[in-house]
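The values are calculated or read from the model by the stated rules, or taken from the named source; none is laboratory data. What you see is a predicted model; the values in this text were computed from it and never measured. Reconstructed Cβ throughout: ideal geometry from the backbone, glycine too, with neighbour counts over all protein chains shown.
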Amino acid sequence: QVQLIESGGGLVQAGGSLRLSCAASGRTTSVYDMAWFRQAPGKEREFVAAITRTSQFTFYSDSVKGRFTISRDNAKNTMYLQMNSLKPVDTAVYYCAMQPRGATVYVPDYEYWGQGTQVTVSS
């Protein structure tokens with residue numbers, strides 16, 4: 001049984017930074033591509049960033065490119081999202097996800113999801 005657990009969310013002022021972590025259990029992450037998504041109140045879940053299983057490729061939404069960095073450590077079965085220069089529009093619940101068929105940007109492609117961690121950016 002696969003379990004993904006996010007941590008690192010919280011309240012931060014605009015311009016600040018947070019680092020999210022996603023720890024996986026039940027499966028080795030080295031055979032999965034992984035991603036971060038987010039969902040703001042009243043909005044659909046949206047793609048944030050993705051990383052291939054060997055970290056060879058990373059992908060970002062235009063809204064976070066240059067501010068967020070996705071990374072992973074397969075030895076620790078953990079993925080990270082370093083978020084810098086945070087803005088109030090980044091406020092959302094952030095979810096990690098993984099699947100074995102590619103680092104895509106589409107919610108339905110992902111098999112496994114965490115429970116989410118709240119990120120709130122105050123102005």
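Assorted remarks:
- Filter result for the condition that a residue is modelled with pLDDT of 95 or more, in a helix (DSSP H, G or I) and not acidic (Asp, Glu), over 89, 121, 93: 89
- Looking only at the range 14-53, residues that are part of a loop (DSSP other than H, G, I, E, B) and within 21 Å of residue 120 (Cα to Cα) come to 10 in all.
- Residue list for the range 30-52, filter: modelled with pLDDT of 95 or more and farther than 19 Å from residue 115 by Cα: 51, 52
- If you go through the range 55-86 and pick out every residue that is loosely packed, with under 15 Cβ neighbours inside 10 Å, among the hydrophobic types (A, V, I, L, M, F, W, C) and part of a loop (DSSP other than H, G, I, E, B), you end up with 1.
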